[in-house]
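As structure tokens, the structure follows; a few thoughts come after it.
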Amino acid sequence: MPTETSPAAPAENPFAALVSPTVLDLKSYVPGKPIEELQREKGLDRVVKLASNENPLGPPPAASAALTACGPQLHRYPDGYGFELKTLLARHWSVAVENVVLGNGSSEILEMAVRLLVRPGRSVVVASPSFSIYELTVQAQGGEVRRVPLHDHAVDLDGILAAVDDSTSLVILGNPNNPTGTVFRRRPWEAFLAALPRRVGVLLDEAYAEYADTPEFPVGREYLDETRPLLVARTFSKAYGLAALRIGYGLAPRGLVDYMNRLRLPFNTNSAAQAAARAALGDHDHVVRSRELNRQGRERLYRFCAARGLEWVPSEANFVLVRVPRAGAVAEALLDHGVIVRWTASFGMPEWLRVTVGSAVELECFETALIAVLAAQGLWRGGD
Ligand SMILES: *Cc1c(COP(=O)(O)O)cnc(C)c1O
């Protein structure tokens, strides 16, 4: 029976009394709209998706080939330890195999780390806005989320430090941060680490690190320490172009990797993903090309925004925040033109759109559609 004070959905759910109150309060993650769904809804042939920060170059060709080669072995369970992939990753990063844990996307690494280090009564400090999965996983664990507002769209490491107290078991930081694309640099990061009590865990999400250009970018791997609870999460979903396969990994002290191996389900990463990731890791040129295409696309978007008098946030990632009037209505209207971008209201930034740096052709579609939409809504002076 719905009451006046409770939200409708949980109260109407006949199983609401069976589940933990923690779960009742959770909100589902909202992914970018799939291309096929928009094509069906609007009867469109061509849809450009710039909402999920996918790689416009596609997967590395060697990864597609490796995937095909998996066919005859699909009846076999995967290698539950992912030995070959972990060995390659250990070599790639100059760490021991015991410092590597594989995940079903790096989202699973984030979740495992939170399950490991957070429990009711403990607090977790995050920057706000940042990736919603951070808060979602902490809430699912019954932990308290402490949000520290960004400063000039960037993570405020001093503010994060100030929010840490005796109850804090973990700090979660994205570098670059999603949805702003900003980074913190080596000096402030090192000062932060030096000042943070060593018992507090640090989960460093480096999903977009391959795109960061600043020479002062602090690569998390360099700060691994067998006696400090610092974990680095990396993914094959973005610069490596394998989002569909759900494969990512964590680099962490042996002690933490040991516990994560106890927590994780036995076959959390599948054979196809492991094989494609091994091939992708060997194709360094693909990452270089992805980075270069991204750099050009970012510059193109900046020039477009500058020419049109639109504010943007300079990005070290593969997406750019663009401020447009009535952003929600504009994002909706862009769908009619077959262009999917992310309205960042769910991140607490309702005046902005997050636009993935697509190929030149995709960005041109976005620009043309945005001009048309702003003109049609009377939000544009000239029309073109
Ligand atoms: C895309 C993304 C990831 C990676 O997610 P996967 O589960 O590896 O696909 C992690 N963190 C952030 C902030 C992201 O935007």
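When both segment 259-335 and segment 22-62 are represented by their alpha-carbon centers, they are found 12 Å apart. In the context of the full set of protein chains, residues of the chain present 46 Å² of accessible surface per residue (probe radius 1.4 Å, heavy atoms only). Here r is the Cβ-Cβ distance between residue 377 and residue 284 and R0 is 51 Å; the resulting FRET efficiency, rounded to 0.05, is 0.70.
For segment 238-284, pairs of C-alpha atoms spaced more than 18 angstrom apart make up 40 percent of the total.
Taking amide H as placed 1.01 Å from N in the peptide plane, residue 168 has its amide H under 5 Å from the amide H of 123, each at least 5 places away in sequence or on another chain. Give me the accessible area of residue 368, 1.4 Å probe, in Å² rounded to the nearest 10. About 80 Å², rounded to the nearest 10. Along its first, second and third principal axes, ordered by size, segment 98-142 spans 30, 23, 16 Å in Cα coordinates.
Fully extending the segment from residue 244 to residue 36 would add 73.4 nm, taking 0.36 nm per residue of separation and subtracting the current Cα-Cα distance. By accessible area, using a 1.4 Å probe on protein heavy atoms only, segment 61-283 has 53% of its surface on carbon and sulfur.
All Cα-Cα separations within segment 112-240 were binned at 5 Å from zero, giving a P(r) of 2, 11, 22, 26, 22, 13, 4, 1, each value a whole percent of the pairs.
Straight-line reach from residue 238: taking Cα to Cα under 12 Å and skipping same-chain neighbours fewer than 8 places apart, the aspartates and glutamates in range are 54, 206, 210. Each peptide among 234-244, 252-262 gets the average number of other Cβ atoms lying within 10 Å of its residues, and from highest to lowest they stand as 234-244, 252-262. Multiplying the residue separation of residue 44 and residue 219 by 0.36 nm and subtracting their alpha-carbon distance yields 58.8 nm. Structural size metrics of segment 61-283, computed from C-alpha coordinates, are Rg and Dmax of 17.2, 55 Å.
Considering only beta bridges that DSSP places wholly inside the chain, some 45 percent are antiparallel.
Let me make sure I get this right: for segment 154-210, a, b and c are the square roots of the gyration tensor eigenvalues over alpha carbons, sorted descending. Under 1.5 in a/c it's rounded, otherwise prolate if a/b > b/c, else oblate. Which is it? Here segment 154-210 falls in the prolate category.
For segment 19-75, the square roots of the Cα gyration tensor eigenvalues, ordered a ≥ b ≥ c, give a/c of at least 1.5 with a/b no greater than b/c, which places it in the oblate category.
When the Cα gyration tensor is reduced to axis lengths a ≥ b ≥ c, the ratio a/c stays below 1.5 for the chain, which is therefore classed as rounded.
The lysines within cross-link reach of residue 42, meaning a Cα-to-Cα straight distance under 23 Å and a gap of 8 or more places when in the same chain, are 33. Residues of segment 278-298 falling in the label zone of residue 84, defined by backbone nitrogen less than 15 Å from a point 7 Å along Cα to beta-carbon, are 278-283.
Be a star and scan segment 56-77 for residues whose amide nitrogen sits under 15 Å from the point 7 Å along the Cα-to-Cβ vector of residue 359. Correct set: 56-61.
The values are calculated or read from the model by the stated rules, or taken from the named source; none is laboratory data. Being a predicted model, the structure only gives us computed values, none of them experimental. Glycine gets a Cβ as well: all are built from the backbone with ideal geometry, and neighbour counts include every protein chain shown. To get the accessible areas, we keep the full protein, side chains included, count just its heavy atoms, and leave off ligands, DNA and RNA. Shrake-Rupley method; radii C 1.70, N 1.55, O 1.52, S 1.80 Å.
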